[in-house]
Amino acid sequence: MISKFSVSKPFTIFVAVVIVLIFGVVALTRMTPDLFPNMNAPVAIVLPADPGASAEEAEREITEPLEQQLATLPNVDELSSVSADNYSYITLVFTDDVNMDAISVDIRDKVEQIKDTLPEGASNPIVMKINLNMIPVAVAAVSMKDMDAAEVSTLTREELLTPLEGTEGVASVSAMGMIDDGLQIVLDQEKIDALNSDIRAAINGEIDDGKSKVRKGINKAESGRSQIESGKSQVTRGESKAEKKLTKTKKKLLRQKAKLEAQKTTLQAQKDQLLAMRDDLPSLQQLADAAEEALSSGGPEAAQQILAQGGFGSLEELYALIQMLEEGDFSEIDSGIQQINQAIAQIESGIATIEKQETSIAFSLGNTYSDLGAAESTVQTTINQLKSTLKEIEDIEGAETNDDDIAAIISEREAAGKAGAVR
């Protein structure tokens, strides 16, 4: 059947063969050597970072707010997170029918909305879509003739890893099954026992010397605290004494000021009364004329009766008042008021000076008292530390130290010495 069709339709068969060859060439030139087919995985990862933050801080300040924000996205099938020092990452798994391009935009919008509430040092979270092409596919084994496993491990670590990491297209290189050389040291137990005896004697001597030094330090600190308490008492007494003295002086000045103000009020009232009487000068002149007429006609007693009605004791007093009112001379009263004002101003200046002294003394003594209190607190802390140290020394002295304990002490000191050398 096919042979008859081919013979009868040679042109059609030729065209079909050409089309097959063309498709084969195109497929051969454009085919990619992928391990996995191009698949749309409905998974996205959000990577926030906060340098210096602990795992607890990263979870509380970054992971939890982002989870609450991202949980509102549609089509979320599963949401999980991992928090570690300096960073965290959140994994979102969506349903299979989701459009990852569109949902990636929604994820970035959610991250932008909450970005300003993240810690100040946190970096902008990275949003990544999971692609199966991201999975590494190259695995190689290394072996060398006439080399053992340790030598091959050294060769791989020192000569192969770095060049491979610099190869174009290689994201990272990791090695597994590496072997490190080790050294085992076996100690002579007899020599260790002899060394333990020497160390025990040295430790006992150091403990006795340490106890003596700590007790001396406690005695000195106690003496210093007593001196500080005495100083605080002296500051309190000095402040009370100075305050009483200044208060007494201030009260005295206030009493003087009150007296002067009363005198000023009296003089001012006299002046106001004279000013009012000046407006009634014709009446006073009439009173003087009536007293003169009574004196000439009825004698001194008649004149005195008329003067008594006006509130005057003698005709000379009335004429002196009339003369003063006519001249309008109140200089004596004004001078008295001015002197009183000057005296009041001096008293007020003195009161202000006393108040400044009170403030200055209170501030100075308060600072001194505060400094003494801080020093007392420091001394008390030192005493507590010394007592705690003495207790630890006594506990060590009272404990039975065996060979294993001494060996442990030696190991700890050797480790501390190596750590110090490394630093």
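Throughout, read-outs are computed from the coordinates displayed, never taken from laboratory work. This structure is a prediction, so every number in the text was calculated from the model and none was measured. Glycine gets a Cβ as well: all are built from the backbone with ideal geometry, and neighbour counts include every protein chain shown.
Table for the structure above
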{"read-out": "Residue-span extension gain [Ser197 to Ser364] - 0.36 nm each, minus C-alpha spacing", "value": "54.1 nm"}
{"read-out": "Virtual spin-label span in nm between Ile179 and Ala140, 7 Å along Cα→Cβ", "value": "2.2"}
{"read-out": "Total formal charge among the other residues, if their Cβ is under 14 angstrom from that of Asn384, Lys/Arg +1 and Asp/Glu -1", "value": "0"}
{"read-out": "Inter-label distance, nm, simple model (7 Å from Cα along the C-beta direction), Thr29/Leu254", "value": "11.0"}
{"read-out": "Cα-based Kirkwood hydrodynamic radius, the range 43-133, one decimal, Å", "value": "13.2"}
{"read-out": "Derived scalar couplings ³J(HN,Hα) [the range 377-393; Karplus, 6.51 cos²θ - 1.76 cosθ + 1.60; whole Hz; x for Gly, Pro]", "value": "5, 5, 5, 5, 4, 4, 4, 4, 5, 5, 5, 5, 5, 4, 5, 4, 5"}
{"read-out": "Descending semi-axes in whole angstrom, ellipsoid equivalent of the range 152-210, from the Cα gyration tensor", "value": "52, 17, 7"}
{"read-out": "Spin-label model distance (nm) - Glu348 vs Lys244, 7 Å beyond Cα toward Cβ", "value": "3.2"}
{"read-out": "Burial order of peptide ranges 216-222, 243-249 (average beta-carbon count within 10 Å, highest first)", "value": "216-222, 243-249"}
{"read-out": "Those lysines that a straight Cα-Cα span of less than 21 Å connects to Lys129, excepting residues fewer than 8 apart in one chain", "value": "Lys110, Lys115"}
{"read-out": "Per-residue HN-Hα couplings for the range 183-191 [Karplus 6.51, -1.76, 1.60; θ = phi - 60°; Hz; x = Gly/Pro]", "value": "10, 9, 10, 10, 8, 7, 5, 4, 5"}
{"read-out": "Built amide H within the under 5 Å cut-off of Leu73, gap 5+", "value": "none"}
{"read-out": "For Ala49, distant residues with modelled amide H under 5 Å away", "value": "Ser123"}
{"read-out": "Reachable lysines from Lys391, criterion Cα separation under 20 angstrom, eight or more residues apart if same chain", "value": "Lys211, Lys213, Lys216, Lys220"}
{"read-out": "³J(HN,Hα) computed for each position of the range 206-213 - Karplus, 6.51 cos²θ - 1.76 cosθ + 1.60, integer Hz, glycine/proline x", "value": "5, 5, 4, 5, x, 4, 4, 5"}
